[in-house]
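Please treat every number below as a calculation from the coordinates, not as lab data. All values derive from a computational prediction rather than experimental measurement. All Cβ positions, glycine included, derive from the backbone under ideal geometry; neighbour counts span all protein chains shown.
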Amino acid sequence: MGNPTEYQFDLTNANRPTNATISEEWYPGIQNFWERSTRLRPVDPINGVRAVVIHATAGTTSDGAVSVMRDGAASFHWLVPDEDEPQHGRFVWACAPERRAAGHVRNSKHHPDVNNDAQRVNDWSLGIEIVNRANGGDSFSDWQVKATAQIVRYCWAKYPNLRHVVSHAKLDPQRRTDPGSNFPWEDFRALVLSGPPSPAPQLEILSSQQAEDFDDDDSTTAVLHATGGSQ
């Protein structure tokens, strides 16, 4: 088991994915809570994002996790369902717009290893919560780890200045232990750094005969046809 107060790795431009997608759905009704639980970023919403923070909910359900957003007490951008929930293995919950700062780290908490010890981590980070008791006895499913890694790869492809992937525990070691010692950080790191990219659709020009078969319009001489994408 690892020490979650030491969980961090940094991203470089060298291996940045060129295309990465995630399967996500808005959590039902979550838009009603954005005004009280998130705010506009004071930094550029694309170029200003520097870190992704990994959390665990210390609970057993997505609904329990979302209750903090209903109350305006905290917020996060994505929520990875537990293995006992029907969404597990299918998609993650989107919970806050990426352009808005979510309240997932205390404003007073920061670390010299992360963004040059800059304060107000929420302003320049994205937060991922994983539904898990985070008590050392609740294992993370393989899908939860892979889904979390894929979210990070999506962020890495999208945000040009994203550098740090860090645990909540490292930023706030006196109060937090998440994602917990049971989270397989090294496996997660390997999936982020070398996981398979989501294939972009490739375009091929159909032959005249293929084009005629594809489209009965006699004026069609060539058709751009998408292949190799998600099937």
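Specify whether the C-alpha gyration tensor of the stretch 4-194 places it in the rounded, prolate or oblate class, a ≥ b ≥ c being the square roots of the eigenvalues: rounded for a/c under 1.5, otherwise prolate if a/b is larger than b/c and oblate if not.
Numbers: a/c = 1.20, a/b = 1.08, b/c = 1.11.
Cα axes put the stretch 4-194 in the rounded bin.
What dipole magnitude, in Debye to the nearest 20, does the stretch 4-194 give about its Cα centre under +1 on Lys/Arg Cβ and -1 on Asp/Glu Cβ? Write down the numbers at each step before the final one.
Details: 21 positive and 23 negative charges, 145 e Å.
Charge dipole of the stretch 4-194: 700 debye, to the nearest 20.
Sorted by packing (mean other beta-carbon atoms within 10 Å per residue), highest first, where do 178-190, 60-72 land?
Those peptides, ordered most packed to least, come out 178-190, 60-72.
To the nearest 20 Debye, how big is the dipole of the stretch 1-114 about its Cα centre, given +1 on the beta carbon of each Lys and Arg and -1 on that of each Asp and Glu? Please list the in-between numbers first.
Details: 11 positive and 14 negative charges, 117 e Å.
Around 560 debye, computed over the stretch 1-114.
Taking the Cα-to-Cβ direction at E6 and at A190 and moving 7 Å from each Cα, how far apart do the two end points lie in nm?
So the two model labels end up 1.8 nm from each other.
Find how much the distance from T18 to N135 grows on full extension, using 0.36 nm per residue of separation minus their present alpha carbon separation; answer in nm with one decimal.
Extending this stretch completely gives an extra 38.5 nm.
In nm, to one decimal, how far is the modelled label at R70 from the one at E25, with both set 7 Å along Cα→Cβ?
So the label points at R70 and E25 sit 1.8 nm apart.
From the gyration tensor of the Cα coordinates in the stretch 71-169, what semi-axes in whole Å does the equivalent ellipsoid have, largest first, with each one equal to sqrt(5λ)?
Semi-axes, largest first: 23, 16, 14 Å.
Mind listing the phi-derived Karplus ³J(HN,Hα) values for the stretch 73-81, rounded to whole Hz, using 6.51, -1.76 and 1.60 with θ = phi - 60°, and x for any glycine or proline?
7, 6, 6, 7, 8, 9, 10, 9, x
Test of the criteria: in the stretch 54-143, which chymotrypsin sites (Phe, Trp or Tyr not before Pro) are in a DSSP loop and have at most 16 other Cβ atoms within 10 angstrom of their Cβ?
F91
Given H placed 1.01 Å from N in the peptide plane, which residues other than close sequence neighbours of V52 have an amide H under 5 Å from its amide H?
L126, H164, V165, V166
Can you sort K170, K158 by how many other beta carbons sit within 10 Å, fewest first?
Least to most surrounded, the residues fall as K158, K170.
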